[in-house]
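These notes concern the structure reproduced below.
Throughout, read-outs are computed from the coordinates displayed, never taken from laboratory work. Quantities reported herein were computed from a predicted structural model and do not represent experimental measurements. Cβ placement follows ideal geometry from the backbone for every residue including glycine, while neighbour counts extend to all protein chains displayed.
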Amino acid sequence: MKILVGLSGGVDSSVALCILKEEGHEVIGATMSIWDKAKHLNITAQKDACFSPHEEEDIKAARALCEKLDVPYHVIDCTKEYQRLVLDNFKSEYLAGRTPNPCVICNATIKFEALPRSAKAQGIAFDKFATGHYARLSYNENLQRYQLRCAADEKKDQSYFLYRLQQEQLSRIHLPLGEYTKEQVRDIARKYNLPVSEKPDSQDFYTGDINDILQTEPKPGNFVDKKGKVLGTHQGIWNFTIGQRRGLGISADRPLYVIGLDKDKNEVMLGYAEDGMKASLSAKDITWLSVPPFTEEKEIFVKLRSSQKPVPAVCVPNGNETATIRFFEKQKAVAAGQSVVFYDENGFVLGGGFIKSAHNAAD
RNA sequence: UGGGGCGUCGCCAAGUGGUAAGGCAUCGGCUUUUGGUGCCGACAUUCGUUGGUUCGAAUCCAGCCGCCCCAG
């Protein structure tokens, strides 16, 4: 099979390429370019990140890998799409008092969409598109659906970031690392003597100040407690997210967390940990993945953030791609704009949506 | 300028003669392909100030400075 492999310059995608080549596939390397040099001249983010001015170093690493393995390599320019679909959304969400998750959007619209599409348009032929994501993809004959499941390595599972992929996209995708553990992947990297074999894991979206991306003027407003008492001033609600503790600069007898963002009043509401616990949430723009859309309420497991162990909840579909999710136990830091991803007891990704609002009561 | 009270890290606050708790904030690290959370570590040679008593004071005494309250 001819497989286009999305390379980030890191360990995982490099090993994915090696594995597929070893399996006898005809592989092609490709890296998406998302940093628009012309637009972001004055931004300086120091450390490595997904969206970073040091993108060229990653491209250099990916290119070197392909040369070493004698594999064709291409850089696919996705800067326009990335600006329009990821960065513009990132900005409007933050300014609206919500907390976006750029990775979720990027995967569904850029990495697994614009990248392979542009590659094809450039005349690069391939049957499947592969990445180094930790998640398992399979096809269920009975349901006639592609199904996404959490990775074998629970610690590295990235299925949360992939829940918005559609059946048509999944049909063209291959995820070779789903059954591997991170340690195994590193071992393979060492076996192939890859220069990235010891490269650190984590990758932030952006390591600089997000105001670099938002490019907006400070808008001072008040920190208030839940009774409305003014506790201090902030420089813009987009600098905060529900559940945030650090960087508030306000002392109290116990730690304070952001428990609310009011765009109209331009206020950031603070409270104790227990004040931020939520019993339910409303989700919108729900997409379904491993199963057809729910028509009645069901018990499921949900993740409110990637690194969370799925927690039991009830999903009540409300039609029109919305649903109410009721937790069995109250959850912290339920932030509008973030995603709620549905799982079953076996770790299959059922679907998910964007958190529209969180509620203290169970409805 | 009569009476009373108070002044310990950026904030709150223990400590009332034996050589400065704790919480919050802040900073650093770890964790993490969003935001964030969590965890670990750092953080007052000094107790408004000047003198005195004492082997020894943030703790006792006196003056001064500052703040608060009640009377006026």
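All but one of (1) touching a residue at least 24 places away in the same chain (Cβ under 8 Å); (2) part of a strand (DSSP E or B) hold for A:VAL258; state the number of the condition that does not hold. Status for A:VAL258: all satisfied but (1). Every test in (1) within 12 Å of RNA strand B (Cβ to nearest atom); (2) farther than 30 Å from A:LEU270 by Cβ is passed by A:PHE301 save one, and that test is (1). Restricted to the stretch A:246-269, and to residues there that are within 24 Å of the chain's Cα centre (by Cα) and within 12 Å of RNA strand B (Cβ to nearest atom), the residue that is surrounded by the fewest Cβ atoms within 10 Å (Cβ to Cβ) is A:ARG246. The set of residues from the stretch A:204-243 being part of a loop (DSSP other than H, G, I, E, B), under 17 Å from A:ALA333 (Cβ atoms), in contact (Cβ under 8 Å) with a residue 40 or more places away in the chain and within 14 Å of RNA strand B (Cβ to nearest atom) comprises A:THR241, A:ILE242, A:GLY243.
Tallying residues that are touching a residue at least 60 places away in the same chain (Cβ under 8 Å) and part of a strand (DSSP E or B) within the stretch A:5-26 yields 2.
The residues of the stretch A:70-119 that are touching a strand residue (DSSP E or B) at 6+ places or on another chain (Cβ under 7 Å) and more than 14 Å from RNA strand B (Cβ to nearest atom), listed by number, are A:VAL71, A:PRO72, A:TYR73, A:HIS74, A:VAL75, A:ILE76, A:ASP77, A:CYS78, A:THR79, A:PRO116, A:SER118, A:ALA119.
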